[in-house]
C-alpha cells in the first residue's frame, strides 16, 4: 500500500492535534517552531520529504488544520435558552439520538431575565430562545433576533394558521409558536354554586371579599381592569391606564394575594375560591378538584404565545434550524404539550392526542369562547406607566 505522507513521524501528527486545541497564539507558535526544529541527532522531522512541493503541501495542511475556528470544531451542539421546566428531557435526548447534536440547555424564569441576558451579552452563544409574544416585538425592534429562513423549517406546515401572522410578529418573520394559552377566571363551584360568572366586572362583587387570587404580573392584572372598562389589554393611553389603576384600587378589598408560581395548588387545595389563572394551571387543578370551573369572560381574555426564535449572532445556525424543525414534528409537539399541559399550536400533533384532551375547552377553546380576546403585545414606552401604577397598587395592597 502506498504511504500518503512518506514516513512522517507520528509525533508530528500527535503534536498537530494538541496544537489544534491551543487557545493562544504563543502555544501554536511553539508547535510550529518545533515542527521544523532539528532533533538532537541532526535529523529533521520533515527529512523524508523529497521535494519542495511536498514540504509546502504539508505545511499548508498543518496550518489549515491548526487554525480551524474553535466554534467550528465544536459545531455539533445547539445552545438552547428556555423557560425552566418547559420541555421534556426525553425530547432533548431524542433529538441528540436522531441527529448526533448535543443540546446545551439553559433556563430563565422570566422574559425580563431572557431580555437582560441577551442585551448585556449579544454574543452569549445561544442558538434558540423562547420569548413570549410581547418580548418578540421588543427584541425584534432592538435588532436582537435573526430573521427566520422558513425554507429550513418544512414542518411549519403543521402549525395552526390562526396562531400565525399575528400583530406582534407579522408573517412570523422572527418567531414561530411553541406553546400557547389563555388567562381567564377560575371559580370553585362548591362555594359559589349559584354564581354565574360571565364578565370581568363581576370580580368587584362584594361577595368575593378577601377571596381573589390574582397573578403576580402587571400586564395580566391590568388586563382585567382594562377589559372591564372596555379598553384593549394593550392600551397605551395614559388616561386609560390611570383609570385602570383607580379601578384596581377598588378591587383591593377582594384580593387575597398576588401569586403566579403556586396558583394551581392554591385553587386545588381551596385556599382561594376565585381568581385569574393560566389555562394550563387551571387544567391541572381541575384534574384534582372537579369543583373548579374555568370561565372565558364576554369582554375577552389575554391570549399568550411563547415563541421559538433565533437570536442574532447565533453560532450554530444550521443546528438551530434542525432543532426547531424537530420540535415541530407531530409526535414531538404532542409529547411537549401533553407533558407541559398547555395548548399546542401544532394541528398535526393535536390530531394525535387523546379525545378528552382534544375536546377540553380549557386547553382548546372554541373561537366563540375567544371572541373579543387579544394577543398580548409589547406596549413600548407605556411600559413604565404600567410598572409605575403596578408598584403603587402593591404598596396600597
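Farther than 18 Å from residue 325 by Cβ, under 16 Å from the mean Cα position of the chain (by Cα), assigned by TED's automatic domain parsing to the domain that holds residue 333 and touching a residue at least 24 places away in the same chain (Cβ under 8 Å): does that describe residue 132? Working first, answer last.
Numbers: farther than 18 Å from residue 325 by Cβ: yes; under 16 Å from the mean Cα position of the chain (by Cα): yes; assigned by TED's automatic domain parsing to the domain that holds residue 333: yes; touching a residue at least 24 places away in the same chain (Cβ under 8 Å): yes.
It is true that residue 132 is farther than 18 Å from residue 325 by Cβ, under 16 Å from the mean Cα position of the chain (by Cα), assigned by TED's automatic domain parsing to the domain that holds residue 333 and touching a residue at least 24 places away in the same chain (Cβ under 8 Å).
From 244, 223, grab the single residue that is in contact (Cβ under 8 Å) with a residue 60 or more places away in the chain, crowded, with 18+ Cβ neighbours inside 10 Å, outside any loop (DSSP other than H, G, I, E, B) and in contact with a strand residue (DSSP E or B) (Cβ under 7 Å, 6 or more places away or on another chain).
Numbers: 244 fails: in contact with a strand residue (DSSP E or B) (Cβ under 7 Å, 6 or more places away or on another chain).
Criteria check complete, one pass: 223.
Residues in region 192-205: is at least one within 27 Å of the chain's Cα centre (by Cα) and surrounded by 17 or more Cβ atoms within 10 Å (Cβ to Cβ)?
No: region 192-205 contains no residue that is within 27 Å of the chain's Cα centre (by Cα) and surrounded by 17 or more Cβ atoms within 10 Å (Cβ to Cβ).
From the list 116, 75, pick out the single residue that is surrounded by fewer than 17 Cβ atoms within 10 Å (Cβ to Cβ) and touching a helix residue (DSSP H, G or I) at 6+ places or on another chain (Cβ under 8 Å).
Details: 116 fails: touching a helix residue (DSSP H, G or I) at 6+ places or on another chain (Cβ under 8 Å).
None of the other options fit; the residue is 75.
Quickly run through region 344-389 and pick out the residues that are over 25 Å from the mean Cα position of the chain (by Cα) and more than 23 Å from residue 165 (Cα to Cα).
354, 355, 356, 359, 385, 388, 389
Look through region 126-145, keep the residues that are surrounded by fewer than 17 Cβ atoms within 10 Å (Cβ to Cβ) and touching a helix residue (DSSP H, G or I) at 6+ places or on another chain (Cβ under 9 Å), and return whichever of them is farthest from residue 176 (Cα to Cα).
Taking region 126-145 first, the residues surrounded by fewer than 17 Cβ atoms within 10 Å (Cβ to Cβ) are 141-143.
From what is left, the residues that are touching a helix residue (DSSP H, G or I) at 6+ places or on another chain (Cβ under 9 Å) are 141-142.
On the way: 141: 17, 142: 18 Å.
Ranking the candidates gives 142 first.
Among the residues that make up region 79-91, is at least one of them at pLDDT below 95 and at positive phi?
There is at least one residue in region 79-91 that is at pLDDT below 95 and at positive phi.
To keep it simple, each residue is scored yes or no on (1) out of contact with any strand residue (DSSP E or B) (no Cβ under 8 Å at 6 or more places or on another chain); (2) in contact (Cβ under 8 Å) with a residue 40 or more places away in the chain; (3) not in a loop (DSSP other than H, G, I, E, B).
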residue: 138; (1), (2), (3): yes, yes, yes
residue: 147; (1), (2), (3): yes, no, no
residue: 165; (1), (2), (3): yes, no, no
residue: 171; (1), (2), (3): yes, no, yes
residue: 178; (1), (2), (3): no, yes, yes
residue: 182; (1), (2), (3): no, yes, yes
residue: 187; (1), (2), (3): no, yes, yes
residue: 193; (1), (2), (3): yes, no, no
residue: 203; (1), (2), (3): no, yes, yes
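Would you check if residue 327 is under 22 Å from residue 117 (Cβ atoms) and either touching a helix residue (DSSP H, G or I) at 6+ places or on another chain (Cβ under 9 Å) or at pLDDT below 95 (or both)?
Yes; evaluated as a whole, the condition is true for this residue.
State all residues of region 247-258 that are out of contact with any strand residue (DSSP E or B) (no Cβ under 6 Å at 6 or more places or on another chain) and closer than 21 Å to residue 376 by Cβ; if no residue qualifies, say none.
Hits for region 247-258 are 247, 248, 251.
Being assigned by TED's automatic domain parsing to the domain that holds residue 118, assigned to a loop (DSSP other than H, G, I, E, B) and closer than 24 Å to residue 79 by Cβ narrows it down to one residue among 320, 314; which is it?
Criteria check complete, one pass: 314.
Provide a single number: the residues in region 93-111 that are surrounded by fewer than 18 Cβ atoms within 10 Å (Cβ to Cβ), closer than 16 Å to residue 130 by Cα and modelled with pLDDT of 95 or more.
4
Condition (residue is in a strand (DSSP E or B), touching a strand residue (DSSP E or B) at 6+ places or on another chain (Cβ under 6 Å) and more than 30 Å from residue 122 (Cα to Cα)) applied to region 297-310: is it met by at least one residue?
Yes; the residues of region 297-310 include at least one that is in a strand (DSSP E or B), touching a strand residue (DSSP E or B) at 6+ places or on another chain (Cβ under 6 Å) and more than 30 Å from residue 122 (Cα to Cα).
Which of (1) out of contact with any helix residue (DSSP H, G or I) (no Cβ under 9 Å at 6 or more places or on another chain); (2) surrounded by 15 or more Cβ atoms within 10 Å (Cβ to Cβ) is the odd one out, the single condition residue 371 does not satisfy?
(2)
Please enumerate the residues belonging to region 361-397 that are part of a helix (DSSP H, G or I) and free of Cβ contacts under 8 Å to residues at least 24 places away in the same chain.
Kept after step one, since they are part of a helix (DSSP H, G or I), are these residues of region 361-397: 380-396.
Once the filter is applied, which keeps residues that are part of a helix (DSSP H, G or I) and free of Cβ contacts under 8 Å to residues at least 24 places away in the same chain, region 361-397 yields 383, 384, 388, 391, 395.
The values are calculated or read from the model by the stated rules, or taken from the named source; none is laboratory data. Since we're looking at a predicted model, the values are computed, not measured. Every residue, glycine among them, receives a Cβ derived from its backbone with ideal geometry; neighbour counts consider all protein chains shown.
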